[in-house]
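Asks: There's a structure below that I have some questions on.
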Amino acid sequence: MALSVEIVTPEQRVLTTECDEIRLPGVEGSFGIRPRHTPLVAALAAGELVYVIAGAEHRYAVGEGFAEVSNDKVRVLVEEAVRAEQIDPGRAAAELKELQAKLASMSPEDPNFEIERAHVERAAARAFVVRLS
């Protein structure tokens, strides 16, 4: 028995596939889903999403969002989803450094602080995922 997985961003459906297992970056820690998992809705943090097909791992950097699990179907709704193979390591590292510097220069009271913090977290997820590939 397999899991049906769908990853959706505001712009597009990124992936629809069947897999044996999926690991997600929950806001309270990473967690895995296998067939016959209890239904749930979970908040996701920016981080690494991994799905496994016949022992082969497929990695994505994802932004914050939600996952819904029900009847062996996992729907992942996130701000961003990028396959590890599509990420340029040098660009990811440079972008992370630039965004961290921008955030460090801001005050937490700045109305754009949380938006910039989210950008840093997504950039950190991309940099992390590409290092593991």
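Asks: Rounded to the nearest 500, what is the 222 nm mean residue ellipticity of the chain from helices alone, with -39500 (n - 2.57) per DSSP H run of 4+ residues and division by all residues? Could the numbers behind the result be given before it?
Replies: Details: 2 runs with 36 residues, N = 133.
Taking each H run of at least 4 residues, the total per residue is -9000 deg cm²/dmol.
Asks: Order these peptides, 104-117, 31-44, 70-83, by their mean beta-carbon neighbour count within 10 angstrom, highest first.
Replies: Numbers: 104-117: 10.4, 31-44: 13.4, 70-83: 17.3.
The peptides rank, most packed first, as 70-83, 31-44, 104-117.
Asks: Right, something else. Just add up the charged neighbours of residue 39: K/R +1, D/E -1, any other residue whose Cβ is under 11 Å from the Cβ of residue 39.
Replies: On the way: positive: 36, 73; negative: 68, 72.
Once all neighbours under 11 Å are counted, the net charge is 0.
Asks: Further question: Using a cut-off of 13 Å between beta-carbons, work out the net charge of the residues near residue 119 (Lys and Arg +1, Asp and Glu -1, residue 119 not included).
Replies: On the way: positive: 97, 102, 117, 122, 126; negative: 64, 79, 80, 95, 98, 114, 116, 121.
So the surrounding residues net to -3.
Asks: Percent of Cα-Cα pairs per 10 Å bin, from 0 to the last occupied bin, for region 24-133, please list those.
Replies: Over region 24-133, the share of Cα pairs per 10 Å bin runs 15, 40, 31, 12, 2 percent.
Asks: Working out 0.36 nm times the residue gap between residue 85 and residue 30, then minus their Cα-Cα distance, what length gain in nm do you get to one decimal? Can you show the working numbers first?
Replies: Working: separation 55, 0.36 × 55 = 19.80 nm, distance 2.16 nm.
Fully extending the segment from residue 85 to residue 30 adds 17.6 nm.
Asks: Moving on to the next point. Sorted by average packing, counted as other Cβ atoms within 10 angstrom per residue and highest first, what order do 4-14, 53-63 take?
Replies: Result, highest mean first: 53-63, 4-14.
Asks: Let me ask you something else. Please report Rg (one decimal) and Dmax (integer) in Å for the Cα set of region 87-132.
Replies: Taking only Cα atoms of region 87-132, I get Rg and Dmax of 11.1, 35 Å.
Asks: Could you give the size of the charge dipole of the chain about its Cα centre, using +1 on the Cβ of each K and R and -1 on the Cβ of each D and E, expressed in debye and rounded to the nearest 20? The partial results should precede the final answer.
Replies: On the way: 15 positive and 22 negative charges, 67 e Å.
Around 320 debye, computed over the chain.
Asks: Tell me which of 47, 32, 14 sits at the most positive position along the dipole axis of the chain, charges placed on C-beta atoms (Lys, Arg +1; Asp, Glu -1).
Replies: Farthest along the dipole direction, towards plus: 32.
Asks: Specify whether the C-alpha gyration tensor of region 3-84 places it in the rounded, prolate or oblate class, a ≥ b ≥ c being the square roots of the eigenvalues: rounded for a/c under 1.5, otherwise prolate if a/b is larger than b/c and oblate if not. Could the numbers behind the result be given before it?
Replies: Details: a/c = 1.35, a/b = 1.15, b/c = 1.17.
Because its axes are fairly even, with a/c under 1.5, region 3-84 counts as rounded.
Asks: Fully extended, how many nm does the chain gain between residue 105 and residue 2 (0.36 nm per residue separation, minus their Cα-Cα distance)?
Replies: On the way: separation 103, 0.36 × 103 = 37.08 nm, distance 4.71 nm.
Going from the current span to full extension adds 32.4 nm.
Asks: What is the calculated FRET efficiency for residue 20 to residue 98, with r their C-beta to C-beta distance and R₀ = 35 Å, to the nearest 0.05?
Replies: Numbers: r = 38 Å, r/R0 = 1.08.
After rounding to 0.05, the efficiency reads 0.40.
Rule-based calculations on the coordinates, nothing more; no lab input. Quantities reported herein were computed from a predicted structural model and do not represent experimental measurements. As a convention, Cβ positions derive from the backbone with ideal geometry for all residues, glycine included, and neighbour counts pool all protein chains shown.
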